[in-house]
1. Using 1/(1 + (r/R0)^6) with R0 = 56 angstrom and r between the beta carbons of LEU8 and LEU208, what's the FRET efficiency to the nearest 0.05?
2. Expressed in nm², what is the orientationally averaged projection area of the convex hull enclosing the Cα positions of segment 342-413?
3. Can you tell me the orientation of helix 6-30 relative to the chain, as the angle in degrees between its alpha-carbon axis and the longest Cα principal axis, to the nearest 10?
4. Tell me, what is the per residue accessible area of segment 381-420 in Å², probe radius 1.4 Å?
5. Taking 0.36 nm per intervening residue step and subtracting the Cα-Cα distance, what contour gain separates ALA422 from GLN264 on full extension?
6. With the convex hull built on the Cα atoms of segment 273-388, state its orientation-averaged projected area in nm².
7. Which far-off residues, 5 or more places away or on another chain, put their amide H under 5 Å from the one on MET44, with H placed in the peptide plane?
8. Keeping every protein chain present and rolling a 1.4 Å probe, give me the accessible area per residue for segment 56-207 in Å².
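The values are calculated or read from the model by the stated rules, or taken from the named source; none is laboratory data. Computed from a prediction, not measured in an experiment: that's the story for all the values here. In this analysis, Cβ positions are derived from the backbone assuming ideal geometry, glycine residues included, and neighbour counts consider all displayed protein chains. All accessible areas refer to the heavy atoms of the entire protein, side chains included, with ligands and DNA or RNA removed. Shrake-Rupley method; radii C 1.70, N 1.55, O 1.52, S 1.80 Å.
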Amino acid sequence: MTSTFHGLEVGKRSLYTQQTALTTTGNNISNANTPGYSRQRVDMQATSSITYPYQTGSSSSQLGTGVSVESIDRVRSEYLDSQYRERNGQLGSESTKLETLQQIEALTDEPGDNGISASLDRFFSAWEDLASNPDSLAARAVLVERSEELLSQGQTLNDGLTSLSKSLNEQMKAVNDQINVLSTQIDSLNKEIASTPEANELKDRRDLLMDEMSGLTNAENIGKLEGLQQSVKEVESFQKDLNEMFNQLINGSVTTDVNGTSKQFNGLNDLMTSGFSLVKDANGAMKQGEAMFDTTGTGTTFLESLSMNQEVKANPATIAASSNNNAVSNGAIATAISDLKSETFSFNVADSNVNADASVSDFYGMLISKIGAKTQASERSVESHQAVLKSIDQNRMSVSGVSLDEEMSNLIQFQHAYNAAARYVSTTDELLDVIINRMGV
């Protein structure tokens, strides 16, 4: 036989369960706009039945004992979480590389009148003017200005790349520190969750931190940290190529014609010192020219060690234009140097085992084109990752996010269930009142 008060117990359990469901629904509604919150769902389970013998004798059946709360679970998709974090890491990496490439483009200021390409054109044009007027001091003065401009452009870009590289390394340190902080917080939450497995709020906080961590780094080391590492390599590679370009122009091996004879020189400086200037010695003979650039300075890069020859800067007459110490009007050296614009140099390309044979202008144009192409590819990649990440996040939110319409529907459903349970308890109480108070003698 069941207890006389069995019905009250069934009703009580229903009241408690529906009240829990109502409270959970209210909690979902309250956290509808809480970042990282996962909607919760009450897992209701029928309680164990009891044997109920029929009054007729031998046979019996099972009588239900009501409902109970098995658990309060977060509604979450591990698959979508994994997809989101993987894509978020890729976006973090690519966004960082794109930002760096855009900064390099801004530093080069190409195309435009203020970039190195335009400075190279003006530099070689000044040599062409000197070749046409080899005895002109005015042409030499302009050449000095164009040489200073080219050097200044190169050093400014080189300094900007050095600063950018330093900034990226500082960002890497900051990101590593942030990763360590997040790792510590996640580890602490893991320990709390291990001791309190049902703590849904702690799990939400952990997932939010893991989402944040995925943008910085993940199991494949993809994220902002990897993007910064690749960015440093990109900057250093471009900087090496830039310095190689100036090094080849000034010191590189080149074969050019002087007075119709093919001769080999070690770049611009060697050509200049092989010719003769407007300055004469005590015997009235023309002195050999001075090198345009001083390469004896110190620095971590070639451009840092490079400077204008102060003698040339002070006296442009020391510039060599002639290949003949008895002919002021001879402009063979100036012509040969102006021809370097189209002369082929062998450039040692950074991060490559193969040299590039090209003119100075073409080599620099290649560097700018590479950066431009990489920037465009990176922009498309970022847009793609953003679109996919948005789609994944929308799918994830459709699973774990709070829908106010759905929660309002649940609120009505659980309210009616609670009211029905309360009515059932009242009815059972009335039945018991008849048995207890009205069947006595």
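1. Result of the calculation: an efficiency of 0.80.
2. 7.4
3. Rounded to the nearest ten degrees, it is 20.
4. Solvent-accessible surface per residue comes out at 62 Å².
5. Gain in length upon complete extension: 46.4 nm.
6. For segment 273-388, the mean projected area of the Cα convex hull comes to 11.2 nm².
7. The list, which skips near neighbours in sequence, is GLU70.
8. 50
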